[in-house]
Amino acid sequence: MALKIIDHNSPEYRQMINLRYEILRKPLGLHFTEEELDREKEDILIGAFDDDRILACCLLTRMDPSTIKLRQMAVENSQQGKGIGATMMNFAENVARDRGYKVMAMHARKTATGFYEKLGYRVEGDEFQEVTIPHYLMKKKLI
C-alpha cells in the first residue's frame, strides 16, 4: 500500500471523489457540489493506494496557523478493519506536523469516535448534527 499526497483534478482525485461519495455521501442521500469540490484546491489531499486503486482517503483543511482539520476520511468497505485507517491517520498527522501545525481537529461522526479515541483524539463539547447525522468535535495535539 502506498500513501501519497494527490493533486486536485488528477485521476487519483477523481477516484477519491468516487470513494468519498460511496462511503460517506451516498448512504445519506447526499451529493457533492462543484463549489465544494472547487474549494478543495487549497486542501491537502491524501490517498492510500494498492497499485493504481484507491483504498482510503482524507483531506486536510487549514483552519488557522496552528490548526488543521481532518475531513472526509473514508476507507473502502472491503478494506475496513485492516489497519488502513490508522495508517492513513498517522500519515496525515505527520504531513500536518511537517507543515508546522500543532493541532488536528475534526467533526467526527458519532459512530467513528471510538476509532479516533484509540488514536489519541478527545471529544470537545456536545454532540451536534452535521450532514443529517450526529457528530462530535475531536482534537489532538500533534506535538
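Of the residues making up segment 100-115, those that are touching a residue at least 24 places away in the same chain (Cβ under 8 Å) and not small (Gly, Ala, Ser) are Tyr101, Lys102, Val103, Met104, Met106, His107, Arg109, Lys110, Thr113, Phe115. Before we move on, is Ile54 touching a residue at least 40 places away in the same chain (Cβ under 8 Å), under 24 Å from Gln15 (Cβ atoms), in contact with a helix residue (DSSP H, G or I) (Cβ under 8 Å, 6 or more places away or on another chain) and part of a strand (DSSP E or B)? Answer is yes for this residue. Scan segment 43-51 and tell me whether some residue there is over 15 Å from Leu3 (Cα atoms) and not aromatic (Phe, Trp, Tyr). The answer is yes; a qualifying residue exists. What about Ala86, is it assigned to a helix (DSSP H, G or I) and surrounded by fewer than 16 Cβ atoms within 10 Å (Cβ to Cβ)? Judged against the criteria, Ala86 is a match.
FYI, it's all coordinate maths here, none of it is from the lab. As the structure is a prediction and not an experimental result, all values here were calculated from the model. We place every Cβ from the backbone using ideal geometry, glycine too, and count neighbours over all the protein chains shown.
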